[in-house]
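Asks: Input: one structure, supplied below.
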Amino acid sequence: MKLVIAVVQDKDSNRLSNALVKEGFRATKLASTGGFLKAGNTTFMIGIEDDRIPEVMQVIKANCKVRDQLVTPVSPMGGSTDSYIPFPVEVQVGGAAVFVLQVERFEHY
Ligand code: 2BA
């Protein structure tokens, strides 16, 4: 058995959640915060049998979009703050950051 941990954008979380239920996957949604943007995102924990990994990856891929987001750095990359004018930079977020972990044991009571 594997545990798939997928960090996705909030905008995609409902659609992904519905698609997972429709395809017969069990999942838990956690509210999370990205370390870099410090913005809310959603983390899915999906416990599945090894042979369904390609299927779940396909569902995640099909329901999570890549988006560009503007970020204004709070401090200059280097040098003094005297002449610092915050300049927004664009970062590409998503579609999903996915980790696949081996599950040693799973009990469901
Ligand atoms: P955030 O940490 O808020 O990162 C949002 C986006 O900012 C990232 O998109 C990436 O494009 C950019 N970014 C992150 N750290 C950066 C850095 N040090 N320098 C320049 N740009 C940076 P994604 O890579 O698609 O990640 C989306 C969210 O997935 C992340 O939100 C984080 O919550 C999670 N994530 C991504 N990689 C992870 C990892 N290796 N471990 C844990 N969580 C991860």
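The values are calculated or read from the model by the stated rules, or taken from the named source; none is laboratory data. All values reported here derive from a predicted model rather than from experimental measurement. Virtual Cβ from ideal backbone geometry, glycine too; neighbours counted across all protein chains shown. To get the accessible areas, we keep the full protein, side chains included, count just its heavy atoms, and leave off ligands, DNA and RNA. Shrake-Rupley method; radii C 1.70, N 1.55, O 1.52, S 1.80 Å.
Asks: Multiply the residue gap between Gln102 and Gln58 by 0.36 nm, knock off their C-alpha separation, and tell me the result in nm, one decimal place.
Replies: Values: separation 44, 0.36 × 44 = 15.84 nm, distance 1.91 nm.
This chain segment gains 13.9 nm when fully extended.
Asks: Let me ask something else about it. Report, in debye and to the nearest 20, how large the dipole of the chain comes out about its Cα centre when Lys and Arg carry +1 and Asp and Glu carry -1 on their Cβ. Don't skip to the answer; put the middle values down first.
Replies: Numbers: 12 positive and 12 negative charges, 56 e Å.
Dipole of the chain, to the nearest 20 debye: 260 debye.
Asks: With a probe of 1.4 Å, find how much accessible area the chain has per residue, and write the answer as a whole number in Å². Don't skip to the end; give the middle numbers.
Replies: Values: 7750 Å² over 109 residues.
Here the residues of the chain average 71 Å² of exposed surface.
Asks: Shifting gears a bit: What number, in nm² with one decimal, is the all-direction average of the projected area of the convex hull of the alpha-carbon atoms of the chain?
Replies: Details: hull surface 35.0 nm².
Computing the convex hull of the Cα atoms and averaging its projections yields 8.8 nm².
Asks: Angle, helix 10-22 long axis vs. longest principal axis of the chain, Cα atoms, 0 to 90°, nearest 10?
Replies: Tilt relative to the chain: about 10 degrees.
Asks: Further question: So, with a 1.4 angstrom probe, what is the percent of accessible area on the stretch 22-67 that is carbon and sulfur? Write down the numbers at each step before the final one.
Replies: Numbers: 1640 of 2980 Å².
About 55 percent, which is the carbon plus sulfur part of the accessible surface.
Asks: I would also like to ask the following. Using a 7 Å offset from the Cα along the Cα-to-Cβ direction at both Lys11 and Ala31, what is the distance between the two label points in nm, to one decimal?
Replies: The answer from the label model is 2.1 nm.
Asks: Can you give the FRET efficiency to the nearest 0.05 for Ile85 and Ala39, using r as the Cβ-Cβ distance and R₀ = 25 Å? It would help to have the intermediate numbers written out before the result.
Replies: On the way: r = 23 Å, r/R0 = 0.91.
Efficiency at R0 = 25 Å is approximately 0.65.
Asks: Oh, and also: Quickly work out the Leu3-to-Lys65 label distance, labels modelled 7 Å from Cα along the C-beta direction, and quote it in nm with one decimal.
Replies: In this crude label model, Lys65 to Leu3 measures out at 3.2 nm.
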